[in-house]
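The values are calculated or read from the model by the stated rules, or taken from the named source; none is laboratory data. This structure is a prediction, so every number in the text was calculated from the model and none was measured. Ideal geometry is used to build each Cβ from the backbone, glycine not excepted, and the neighbour counts take in all protein chains shown. Side chains included, ligands, DNA and RNA excluded: accessible areas come from the protein's heavy atoms. Shrake-Rupley method; radii C 1.70, N 1.55, O 1.52, S 1.80 Å.
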Amino acid sequence: MNEFTLDKVRLCAGGPMVGRQGFGAMGINTAYYGRTDASEARATLEQALSLGITLFDTADAYGNGANEEFLAPFLAAHRDDVTIATKFGLDNEKPGIFNDPAYIRAAAERSLRRLGVDHIDLYYMHRRDVSVPIEETAGVMAELVTAGKVLHLGLSEVTADELRAAHSIHPIAAVQSEWSLFSRDIETGVVPAAAALGTALVPYSPLGRGVLTGAVPSLQGLEAGDVRHAMPRFAGGNDRANHDLLAPLREIAAAHEATPAQIALAWLHTRQDVFGLPVVPIPGTRSRGRVIENAGGALITLAADELARLDPLAAQVAGDRYADMSFTSAGRE
């Protein structure tokens, strides 16, 4: 039995109330971060909901639609209690980024069918195709809202200017970008812009793809096929250098009788007050125990001196978060 239920926050004016921590579903039934177990994965979804986690995040690119299909029975059982977010724009069968009107309309229909729902609560542009004006993309997305197929719009890995341009066409409820103790590039432009517009931030990879849990000390410890093999932060000795940065995190965790992951998430939750906007991290996991652990991070209050000790870490991280940073807001700001 759970000893706590997470508080809720409103994503944006007129937007949905969601648990202050969400759930990133990308790896729950796919091998992006190692092998999965379908039975444990389904139990993990149920465990998350029982903790007050209500924002569940997927994308049509995850497993070529298999991730959306995996979530469909869970959504059917809990539709009124769950806010489902999915994304368009990346296609594993024909590599590239697609933001053109015909693609968006077709992608939305495919996601609706796979998820088994009559509307998507939060629909993101997964990545930006710079050859397509973002105002045009936002306009097509707005048509989906008018048609009742989508309730709220989101953008992923956009710059501050791109966010403002899209928001001028239709309100943007949430921006999803990587944000963690190890990845803070969006704090310069994107986060202040979102706060000014009343847009929420939904940080993905809030645990640095496992590094901030202390559980990924070496690239050699990852299974073949794990996406982290292609990421600079895990290559050329960067994995060990970044793991060695965790001493302050471990010490603060010990003082709170918590785990490093919980402290990393607690730090991210403090950003809501620092920047004045809703912040709903979406850590992913494949186990019930981990989802309970992660949710517990939202209950920890960090002291000013602890925050000061954690503040310098991002500047010391070795390696970029992607091999090609042009796909991120930081690569275009």
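Remarks
- For the stretch 182-282, with +1 on Lys and Arg beta carbons and -1 on Asp and Glu, the positive-most of 206, 247, 235 along the dipole: 235
- Mean ellipticity per residue at 222 nm, deg cm²/dmol - from DSSP H runs of n ≥ 4 across the chain, formula -39500 (n - 2.57): -10500 deg cm²/dmol
- In order along the stretch 313-330, the phi-based Karplus estimate (6.51 cos²θ - 1.76 cosθ + 1.60, θ = phi - 60°) of 3J(HN,Hα) comes to 4, 4, 5, 9, 5, 9, x, 6, 7, 9, 5, 10, 7, 5, 7, 10, 4, 4 Hz; Gly and Pro are listed as x.
- The stretch 267-333 and the stretch 113-150 have Cα centres spaced 26 Å apart.
- Distance between the pseudo-spin-label points of residue 307 and residue 325 (7 Å out from Cα toward the beta carbon): 2.6 nm.
- Normalised per residue, the accessible area of the stretch 1-89 is 39 Å², obtained with a 1.4 Å probe and no contribution from ligands, DNA or RNA.
- Couplings for the stretch 119-130, taken from phi via the Karplus curve 6.51 cos²θ - 1.76 cosθ + 1.60 with θ = phi - 60°, read 7, 9, 5, 9, 10, 9, 7, 5, 8, 8, 8, 5 Hz in order; Gly and Pro are left as x.
- Here the accessible area is traced with a 1.4 Å probe on the protein chains. For the stretch 1-91, carbon and sulfur cover 49 percent of it.
- Qualifying lysines (Cα of each under 17 Å from Cα of residue 149; at least 8 residues distant if same chain): 87
- The alpha carbon gyration tensor of the stretch 123-194 gives principal lengths a ≥ b ≥ c with a/c of 1.5 or higher and a/b greater than b/c, which makes the shape prolate.
- Rounded to 5, the percent of DSSP beta bridges in the chain classed as antiparallel: 15
- Looking at the stretch 191-299, the GluC sites (Glu not before Pro) that sit in a DSSP loop and have at most 11 other Cβ atoms within 10 Å of their own Cβ are 223, 257.
- In this structure the amide hydrogen of residue 150, modeled in the peptide plane, comes within under 5 Å of the amide hydrogens of 120, 145, none closer than 5 places in sequence on its chain.
- Dipole axis of the chain (+1 Lys, Arg; -1 Asp, Glu on Cβ), positive-most option in 17, 281, 61: 61
- The packing ranking of peptides 185-191, 228-234, 279-285, highest mean first, is 279-285, 185-191, 228-234, where packing means the average number of other beta carbon atoms within 10 angstrom of each residue.
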